Amino acid sequence: MSTHAAEKRGFGAVLWDYLTTVDHKKIAILYLIGGGFFFVLGGLEAMLIRIQLISPDNEFISAQFYNEVMTMHGTTMIFLAAMPLLFALMNAVVPLQIGARDVAFPFVNALGFWLFAFGGILLNLSWFVTGAPDAGWTAYAPLSIISPGHGVDFYAVGLQISGFGTLMAGINFIVTIINMRAPGMTYMRMPLFTWTTFVASILILFAFPALTVGLFEMTFDRLFGANFFKPEMGGNVIIWEHLFWIFGHPEVYILVLPAFGVFSEVIPTFSKKRLFGYSSMVFATVLIAFLGFMVWAHHMFTVGLGPIANSIFAVATMAIAVPTGIKIFNWLLTMWGGNIRITTPMLYALGFIPSFTIGGMTGVMLATAAADLQYHDSYFVVGHFHYVIVGGVVFGVLAGLTYWWPRMFGTMLDEKLGKWTFWLFFIGFHLTFFIQHFLGLMGMPRRYWKFLPDQGLDTGNLISTIGAFFMAAGAILFVWNIIITSVRNEKVSGDPWDARTLEWAIPNPTPEYNFKQIPLVRGLDPLWIEKMEGNGKMTPAEPLGDIHMPNSSFLPFMMSLGLFIAGIGVIFQVDNNSWWIVAIIGFAITLGTMFLRSIKDDLGYHIHKEDLEDKGAGVK
Amino acid sequence: MSKNTNSAHSEQFYKEKHKEEMKHQVITFAMMIIFTIIAFGLVAGGFSKYFTIPVILVLAVVQFLFQLYYFMHMNQKGHEMPALMIYSGVFAAALTVLGLTTIVWW
Ligand code: HEM
Ligand SMILES: [Cu+2]
């Protein structure tokens, strides 16, 4: 129904709809577009890096530009691609998995997206001004403090703004999952993707403030003459490293836990078995999050913290391998004796298990503090974290998108093209990164613009670049798949994979209110229980009644736009005081819209019972 | 008829409960005032710094818990999640402070 209406509406109306939407399903699509755009951008930057390193002593790009591209690649991929793509999946799926009509704070949800979008745009504006940030995605002081031009200012302010958005998204998911579960959906019946979203959101809540503080201190050092990180003025550069990694290590789990969640949904569905060791999976997730806060200094073994601190952090880090191992074995045992269907999402899951295990193994190697003095800042580290981030997070996102595409768009991505994408990506990934471990062991340092000929590094780098082209081909194929699927526009049923969880109990396309009647949940894998014991439909937990819906609003966009303008003003006021005018205009827009939001009651509207009855049967 | 007695019963029950709660609040309030007087007394009395500072900190923590549990009702049912979140946050913050004080500034 709604699609027919959409076809009739003009482009302007659709655009306005998305600019003002507070519907979690549409916000998911916005996150997908935003995250997808930055993923392509970060991918192009990666290709520039790899082309520069295709042969020794290459002059493809200049040293300064290399530093900028390398910094922006890392920053973009972590903050502007991986996280938003995961938020896309969370927004699309979590409310449906717990039987809710929306998230707890739809307005805040939209605000979170727009803050991310404007923060990301601000960061990338730097390309057109005095050059992009060039101090690495970790922006270590004092390099980041003395870096000339405005690049690092854009880093600090842009990430600050998008970080606010991330914090809001995290808080929103925590409250949604605690408060909005359908009757019968106890904590220990929540699907693993909901659990990992929940735990990752808690990590966001507690880890991001450290980044916020660090970025504020950096902003004040660079723009307002403060001395937090200036040793000659009594500051201390190591504080930045601590703050960054107190945020940074939980961040890697914020990324990888939801990916674990995706695979914990995909593997049971395509093995036709319930998840093996459900409660130990939940326990392992929580344990990883808990330990994840106590290991940050493993990124700082070479700083000189002393043998006691190094040993404590080394042991704590190695301990994380235990809950991670529990998870790996549970996935394997879920498949054991299962009725396995090799679909595209399942292929990603099968590729993920060995790839991620290699990344975890090199992680334990790195965690050996004494040995890390050799590995540190070499290509070995680059190999390690790409195995966990690409083999874990990117595979997870691609699997999740393929798996939930029918839920999000009502159509199936082409399976044949999907498998081609997987193989290109998988082979390219191992070609690119496996050899990098050995390049690192042979002494190739990380973040260098050039390497010299005849040091045994030539062939390895060439292979690595060839692999990168395979991955690029895979990514292009994925985009092509999206395009032809949208053009064909063949709608499928609400449950095309014969799946187990609640999000598949909804007809296709998903109505704006998700569930006409909130369903009653009778156990883990609620839809599967009904398929086995009932008539394949969820039993409603409430009589048909009016549904309360939130109103769309343009205020989130304006609030974020205000901060964007203010950010530009704050960055440039060091050059010329009159930029303060811009900053004040920006802050005024933000505060004005906040004021408007506070004084104007927005009570939403109701969809009436009679209109619902017209629309045929209730929950499928 | 029976309905009436029922509601009378529950009214009675809630009255008792409120009375109980009131009692707790008054007691905690009195304790908090006493704690504050002790804290001021310690400073005014000129005791050793190494005695005064830890005692005041402990008193502050206890007062804070009183505030949370008795005045912000965390002692009642349905507050498990907020409690869990608060303690996780305190844990993360404490680790940060501990890390910075021991490794950076020691
Ligand atoms: C068993 C699990 C893991 C262990 C033991 C581990 C250990 C380590 C260690 C010790 C380092 C520092 C190496 C150095 O700089 O010398 C490191 C770096 C890194 N790890 Fe892991 N790790 C694990 C899992 C992960 C996961 C799951 C992710 C992300 C999803 C991740 C992402 C990273 C990143 C991005 C870096 C590089 C940071 C930088 O310096 O730019 N790691 N890991
Ligand atoms: Cu780490």
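Before moving on, here are some points about what is shown:
- Filter result for residue A:320 (within 16 Å of ligand 2 (Cβ to nearest atom) and buried (at least 19 other Cβ atoms within 10 Å of the Cβ)): yes
- The set of residues from segment A:480-492 being closer than 12 Å to residue A:417 by Cβ and free of Cβ contacts under 8 Å to residues at least 24 places away in the same chain comprises just one member, A:483.
- Of everything in segment B:79-92 that is more than 8 Å from chain A (Cβ to nearest Cβ) and part of a helix (DSSP H, G or I), the residue that is least open to solvent (accessible area, probe 1.4 Å) is B:83.
Residues are listed down the side, and each one gets a yes or a no for (1) in contact with a Leu (Cβ under 9 Å, 6 or more places away or on another chain); (2) part of a helix (DSSP H, G or I); (3) closer than 30 Å to residue A:363 by Cα:
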{"site": "A:168", "(1), (2), (3)": "yes, yes, no"}
{"site": "A:194", "(1), (2), (3)": "no, yes, yes"}
{"site": "A:208", "(1), (2), (3)": "yes, yes, yes"}
{"site": "A:211", "(1), (2), (3)": "yes, yes, yes"}
{"site": "A:220", "(1), (2), (3)": "no, yes, no"}
{"site": "A:225", "(1), (2), (3)": "no, no, no"}
{"site": "A:251", "(1), (2), (3)": "yes, yes, yes"}
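- Remark: pairs (first residue in segment A:349-365, within 16 Å of ligand 2 (Cβ to nearest atom); second residue not in a helix (DSSP H, G or I); Cβ separation under 6 Å; 6+ apart in sequence or on different chains) are absent.
Table: residues versus (1) within 16 Å of ligand 1 (Cβ to nearest atom); (2) in contact (Cβ under 8 Å) with a residue 24 or more places away in the chain.
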| site | (1), (2) |
| --- | --- |
| A:276 | no, yes |
| A:289 | yes, yes |
| A:292 | yes, yes |
| A:315 | yes, no |
| A:320 | yes, yes |
| A:331 | yes, yes |
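- Checked against (1) open to solvent by less than 10 Å² (accessible area, probe 1.4 Å); (2) more than 14 Å from chain B (Cβ to nearest Cβ); (3) within 14 Å of residue A:139 (Cβ to Cβ), residue A:194 meets all criteria but (3).
- Any chance residue A:178 is within 14 Å of chain B (Cβ to nearest Cβ) and free of Cβ contacts under 8 Å to residues at least 24 places away in the same chain: yes
- Conditions (1) surrounded by 15 or more Cβ atoms within 10 Å (Cβ to Cβ); (2) closer than 22 Å to residue A:409 by Cβ; number of the one not met by residue A:13: (1)
- Residue under evaluation residue A:216, criteria (1) at pLDDT 95 or above; (2) within 16 Å of ligand 1 (Cβ to nearest atom); (3) within 30 Å of residue A:142 (Cα to Cα), criterion not met: (2)
- When residues of segment A:242-254 are limited to those that are β-branched (Val, Ile, Thr) and within 11 Å of ligand 2 (Cβ to nearest atom), the one surrounded by the most Cβ atoms within 10 Å (Cβ to Cβ): A:246
- Set side by side, the residues A:251, A:265 differ, and just one is charged (D, E, K, R), at pLDDT 95 or above and more than 22 Å from residue A:385 (Cα to Cα), which is A:265.
- Some residue of segment B:59-66 being within 14 Å of chain A (Cβ to nearest Cβ) and within 15 Å of the chain's Cα centre (by Cα): no
- Residue that is away from every other protein chain (no Cβ under 14 Å), open to solvent by less than 10 Å² (accessible area, probe 1.4 Å) and within 18 Å of residue B:93 (Cα to Cα), where the choices are A:257, A:215: A:215
- Segment A:290-301, subset in a helix (DSSP H, G or I) and either more than 9 Å from chain B (Cβ to nearest Cβ) or open to solvent by 30 Å² or more (accessible area, probe 1.4 Å) (or both), residue nearest to residue B:89 (Cα to Cα): A:290
- Among the residues making up segment B:49-73, a single one is of a type in the set (S, T, N, Q) and open to solvent by 60 Å² or more (accessible area, probe 1.4 Å): B:67.
- Of all residues in segment A:399-450, those being of a type in the set (Gly, Ala, Ser) and open to solvent by 50 Å² or more (accessible area, probe 1.4 Å) number 1.
- Which listed residue is within 30 Å of residue A:528 (Cα to Cα), away from ligand 2 (no atom under 16 Å from the Cβ) and within 12 Å of another protein chain (Cβ to nearest Cβ), from A:286, A:237, A:282, A:262: A:286
- Annotation note: Cβ proximity below 7 Å between a residue of segment A:196-210 that is in contact (Cβ under 8 Å) with a residue 24 or more places away in the chain and on the phi > 0 side of the Ramachandran plot and a residue that is open to solvent by less than 10 Å² (accessible area, probe 1.4 Å) and polar (S, T, N, Q) (sequence gap 6+ or interchain) occurs for no pair.
- Filter result for residue A:375 (modelled with pLDDT of 95 or more and within 16 Å of ligand 2 (Cβ to nearest atom)): yes
- Just one of the listed residues (A:269, A:196) is polar (S, T, N, Q), closer than 26 Å to residue A:352 by Cα and within 16 Å of ligand 1 (Cβ to nearest atom), namely A:196.
- Which listed residue is more than 13 Å from ligand 1 (Cβ to nearest atom), touching a residue at least 24 places away in the same chain (Cβ under 8 Å) and either outside any helix (DSSP H, G or I) or crowded, with 20+ Cβ neighbours inside 10 Å (or both), from A:310, A:339: A:339
The values are calculated or read from the model by the stated rules, or taken from the named source; none is laboratory data. Nothing here was measured: the structure is a model prediction, and the numbers come from that model. All Cβ positions, even for glycine, are placed from backbone atoms using ideal geometry, and neighbour counts span all protein chains on display. Surface areas here come from the heavy atoms of the whole protein model, side chains and all, with no ligands, DNA or RNA. Shrake-Rupley method; radii C 1.70, N 1.55, O 1.52, S 1.80 Å.
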